Amino acid sequence: MRIYDRRPVVVRVSRGEKVHEFIRRLQQNRVKIRELEYLDDEVKFEITRKEVSTVRALRKKYHLKVKIRYLQQSRIFQNTGWTIIGIALMILLPILCAQFIWKVDVEAETPELEAKVEKVLDEKIKLKQPLLKRHLLSDHEIRQTIMEEIRDLSWVHIIKKGGSMTIVPQLAPITEVKDKKPDRLYHLIAAKSGVITHFNITSGERRVMPNTTVYKGDVLVSGVIQIGEDEYLAVGAKGEVYADYWLETSFEIPRKVQYISATEKKWTIELKNQKEEEKEQSLQEVKLPKWISNFIEIKKTQTYTTTTQELSEEHINSFILPLLHEKILRSLPPKTIIKKENILHVTFDDDKVKGKVLFLVNENIAKEYPIDQGD
C-alpha cells in the first residue's frame, strides 16, 4: 500500500516558450497546482511533495530550469488518514495490551515444587495466557487454590507488574513428626471444634459427613466396623480428618523492622581471590579446567540486602499478614493451611504495631482415642 506525502512544495519555473505547455501537461497528469503566479521572469506555484517526481520528469522533457523548495521539512505528523490511524494505534495498542496477562512465572525453591504449582495453575485455575485481567481470579482465590492443593506451603506471594505475574510459593517450616508404632487400636475423635471439610483415612468407619459441625471429643472415625446386626470388627481408625475453624490471634511487633531481601540471580565472572561482595551467596559454580580455574571462576550468585522499613497501613497485606501466617503455621500441625483472614483492628504507635487478626484455619483435627475392650 502506497503512503502519500502531502507536505507543500513551492516550485519556481523560469519563463520560456514551453512553460505554458509544461503547466498544461502537469494538469493532464492530475497534478494539483495551487497559488499559481506569473511573475516577470518565472512562474511560481505550489504542489504536494508526492507530485515532485512528475515535475522533475516533465522538466527534463521540456528543458526548463526549475527550483524546488520544500516547506515544513521538520514536520513529523502529516495531515493524512494514515497518520490518524497510526496515532490511534499508538495510543490504543498499549492500553489494549495492558488489559492482558501475557506471562506467568513461577519462582520456587525446587524444580519439583515449581512443577507442582504450574500443574495447579494449568488444571485448577486454568491460567492460560494471554488472559484478560478482568477474567483473572483474585489474589486470594489463586493463593487459596494453590495452598489447598499443595499443603506443604505456608504462603504464596503473587507479584503483578504490567502484563506479567510472578508466583512465589513459600514452603512451610519442616516439623519433625515421630513415627508412631501403636500397640493397640484407636478411634479418631475431634481434638477441637470445627466444620468438617474432607477426609483422608485408610481404615475405619466415618461417623460424620462433610460440612457437619463437630465439637471437641466427638467421634469422627470409628475404629470398630459393624458387620451384620450383632457382629463387630475392630480394625482401628487411621488417617486424617480436616475441618475449618476460626483462630483469633493478637500480635505486637516493632514499628521499624529490618528484613533481608534477595536480588535477582545472575552469572558472574570473577578473578580468583577477588573479594566477594558483602552478603553475596554463590548458588552454582561452573567447573573449569584446572589451568584456568586458578585464575578465574564463573558462578551464579545472589546478593542479599538488609533494609530498614517503618511499617504503615500499606504494609498490612504485603508484610504483616505474611509474617503472622508464618508465625501461626509454625505452631500448627503439618499440612495446615490458612484459608482466610479478617483483620479485627490494627493500631500504629510510635514504636509498636498492635492488633488482632481472625484466621480461618483448615487443619487435621483428628486425635487418636483408644478402643476399650468392651467396644
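Distances between placed amide hydrogens fall under 5 Å for LEU220 paired with LEU188, ILE189, ALA190, all partners being 5 or more residues away or on another chain. Taking a Cβ cut-off of under 13 Å around GLU240, the surrounding Lys, Arg, Asp and Glu residues balance to a net charge of +3, with basic ones at +1 and acidic ones at -1.
Starting from the Cα-Cα distance between HIS140 and GLN309, subtract it from 0.36 nm times their residue separation and give me the gain in nm to one decimal.
Details: separation 169, 0.36 × 169 = 60.84 nm, distance 2.50 nm.
Full-extension gain reported as 58.3 nm.
The chymotrypsin sites (Phe, Trp or Tyr not before Pro) of the range 1-56 meeting both criteria, a DSSP state outside H, G, I, E and B (loop) and at most 14 other C-beta atoms within 10 angstrom of the site's C-beta, are TYR4. Between LYS299 and ALA234, the C-beta separation translates, for a Förster distance of 51 Å, into a calculated FRET efficiency of about 0.25.
Of the listed pairs LYS300/LYS354; LYS103/LYS238; LYS192/LYS354; LYS161/LYS300; LYS160/LYS266; LYS160/LYS256, which have alpha-carbon separations greater than 32 Å here? Walk me through the numbers before you get to the answer.
Values: LYS300/LYS354 41 Å; LYS103/LYS238 44 Å; LYS192/LYS354 27 Å; LYS161/LYS300 25 Å; LYS160/LYS266 22 Å; LYS160/LYS256 26 Å.
Violating the 32 Å Cα-Cα cut-off are LYS300/LYS354; LYS103/LYS238.
Amide H contacts of HIS157 (H built 1.01 Å from N, in plane; Pro and chain starts excluded): VAL168, GLN170 sit under 5 Å, all sequence-distant by 5 or more or on other chains. In this rough spin-label picture, where each label sits 7 Å from Cα along the Cβ direction, the LYS65-SER14 distance is 0.3 nm. Straightening the chain between THR249 and GLN129 buys 39.3 nm, computed as 0.36 nm per residue apart minus the Cα-Cα spacing. Using R0 = 41 Å, the C-beta based FRET efficiency linking LEU360 and LEU92 works out to 0.45. Taking label positions 7 Å along the Cα-Cβ direction at both LYS340 and ILE269, the computed distance is 5.7 nm, reported to one decimal. For ARG7, nonlocal amide neighbours, meaning residues 5 or more places apart or on other chains whose placed amide H falls under 5 Å from its own, are ARG49, LYS50.
State, as an integer percentage, the relative contact order of the range 8-134 based on alpha-carbon contacts under 8 Å between residues 6 or more apart. Mind showing how you got there, number by number?
Details: 120 pairs, mean separation 31.4, N = 127.
That works out to 25 percent.
In this structure, LEU39 and ILE85 have a Cβ-Cβ separation that, at R0 = 45 Å, corresponds to a calculated FRET efficiency of about 0.65. Dividing the mean sequence gap of close Cα pairs (under 8 Å, 6+ apart) by how many residues the range 24-76 holds gives a relative contact order of 27 percent.
Taken together, the values in this text are just the output of simple stated rules run on the coordinates, not laboratory data. Computed from a prediction, not measured in an experiment: that's the story for all the values here. Virtual Cβ from ideal backbone geometry, glycine too; neighbours counted across all protein chains shown.
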